[in-house]
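Structure record follows, encoded as structure tokens.
The values are calculated or read from the model by the stated rules, or taken from the named source; none is laboratory data. What you are looking at is a predicted structure, and each value in this text was computed from that prediction instead of being measured. Virtual Cβ from ideal backbone geometry, glycine too; neighbours counted across all protein chains shown. Heavy atoms of the whole protein, side chains included, go into the accessibility calculation; ligands, DNA and RNA do not. Shrake-Rupley method; radii C 1.70, N 1.55, O 1.52, S 1.80 Å.
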Amino acid sequence: MIDRIRNETDLIQTYLAPLAHGMPGAFGLGDDAALLSLEAGIDLVISTDPIIAGVHFFPTDRADDIAWKALAVNVSDLAAKGAEPLAYTMALAFPEAPERAWMSAFCDGLASAQAAFGCRLIGGDTDHTPGPLSIGVTAFGTVPRGAFVARRGARAGDHVFVTGTIGDAALGLALQRYPGLHAEALTAGDRSFLIGRYLRPNPRLALTAVLRAHASAALDVSDGLVKDLARLAGGLGLSMALSDVPLSPPARAVVAIDHRALASVLSGGDDYEILVAVAASQVAAFRHAVLLTGVSATELGVLQPQPGIRIFDDEGGILGLEQTGYDHFQGS
């Protein structure tokens, strides 16, 4: 017999309230609102990025992975702004009362993510929906007054860097959909790595202070490298070599046998790495500061007055892409 949660109070007090422990302004999730008290000289940074079953995750994904991703994608936005996570609210809309085992695993995933990111639940709501499971997280972070790193602010002559590796999550998503894909190129460990990058994004919180000190603009790569490069560039442009795009060994192995996978790597999204524009005068200091964090950052090129993102292949031709990134209303 399936053991489902009886009512909203049971769900909140049994499973969600423990996630608020240690946050005085959360009031044990027993009030209709939460209270955040900030020190003088501190700005509050807010990000909202919901995830929905069948759109951002598979309904059959493990509950703890779903929970991790729900919080991680919001914390990634905070990290790209140079903000330190503080707290979050969450609105859960269920198509039916959740099973206790599922809810317990979901909260275990949230607890792990909270511990990794340094924030706690302070409020939210639960509801019933005729549609699929929807998880709406709003994350709150802090920066010193005036230190917020905006998406816009890059100038011609700025050097553009990207953290980590690109395309792993898009390839991991493809493996989730088609488990036998690229069997000739990938080991079991490779497949686990790529799927893990899709299921559990790793917000680059180690770089928050570095971004505040050296970045002229930044954003996380959520909708695809090319699309988000265009967002960072604004009305400017960037010419880059395909060989400069940082790929993990598993991603490189896939691209080596299937050139069509390049489109997914460059425009698939879900990387949650950070794109950073750095003034030429700050490049040396930025490189040194990043090195000390243990996070890799690869230079992609220099912003130019001529608009447009141009990617050159190994023969010197401009790579053509039918799709540059994901759009919620176009599916690409």
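Numerical summary
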{"item": "Two-site label geometry, VAL55 and ASP108: point separation in nm, points 7 Å out along Cα→Cβ", "result": "2.9"}
{"item": "Given charges at beta-carbon only (K, R positive; D, E negative), |dipole| of the chain in Debye", "result": "620"}
{"item": "Accessible surface of segment 199-328, 1.4 Å probe, proportion on carbon and sulfur as whole %", "result": "53"}
{"item": "For segment 284-295, 3J(HN,Hα) per residue [Karplus equation, 6.51 cos²θ - 1.76 cosθ + 1.60, θ = phi - 60°, Hz, x = Gly/Pro]", "result": "4, 5, 4, 4, 5, 5, 5, 4, 5, 7, x, 8"}
{"item": "Karplus-derived 3J(HN,Hα), 6.51/-1.76/1.60, for each residue of segment 95-109, Hz, glycine and proline x", "result": "x, 7, 4, x, 6, 4, 5, 5, 5, 5, 5, 4, 6, 4, x"}
{"item": "Alpha-carbon centroids, segment 69-85 and segment 1-60: separation in whole Å", "result": "16"}
{"item": "Cut-off under 5 Å, modelled amide H: who pairs with ASP125 long-range", "result": "MET90, ALA91, LEU92"}
{"item": "Accessible surface of segment 1-137, 1.4 Å probe, proportion on carbon and sulfur as whole %", "result": "55"}
{"item": "Inverse mean reciprocal Cα-Cα distance (Kirkwood Rh) of segment 224-295, Å", "result": "14.2"}
{"item": "Proximal charge balance of PRO201 [Cβ under 12 Å; K/R count +1, D/E count -1]", "result": "-4"}
{"item": "Estimated FRET transfer efficiency when R0 is 41 angstrom, pair GLU99-ALA256 (beta carbons, to 0.05)", "result": "0.45"}
{"item": "For segment 46-57, Karplus couplings with θ = phi - 60° (6.51, -1.76, 1.60), whole Hz, Gly/Pro x", "result": "10, 9, 10, 8, x, 10, 10, 4, x, 10, 10, 7"}
{"item": "Computed Kirkwood radius, in angstrom, where 1/r is averaged over Cα pairs of the chain", "result": "20.9"}
{"item": "Segment 117-244, Rg to Rh (Cα coordinates; Rh as Kirkwood inverse mean 1/r)", "result": "1.02"}
{"item": "Residue-averaged [θ]222 nm for the chain, counting only DSSP H segments that reach four residues, each worth -39500 (n - 2.57)", "result": "-9500 deg cm²/dmol"}
{"item": "FRET efficiency for THR129 and SER192, using Cβ-Cβ distance with R0 set to 56 Å, rounded to 0.05", "result": "0.95"}
{"item": "Relative pair counts by distance (%), Cα atoms of segment 110-174, 10 Å bins", "result": "12, 23, 38, 23, 5, 0"}
{"item": "Over segment 1-54: Rg over Rh, Cα atoms, Kirkwood Rh", "result": "1.10"}
{"item": "Volume in Å³ per residue [convex hull over Cα atoms, computed for segment 259-301]", "result": "96"}
{"item": "Cβ-Cβ FRET estimate between ASP10 and ILE318, R0 fixed at 56 Å, reported to 0.05", "result": "0.45"}
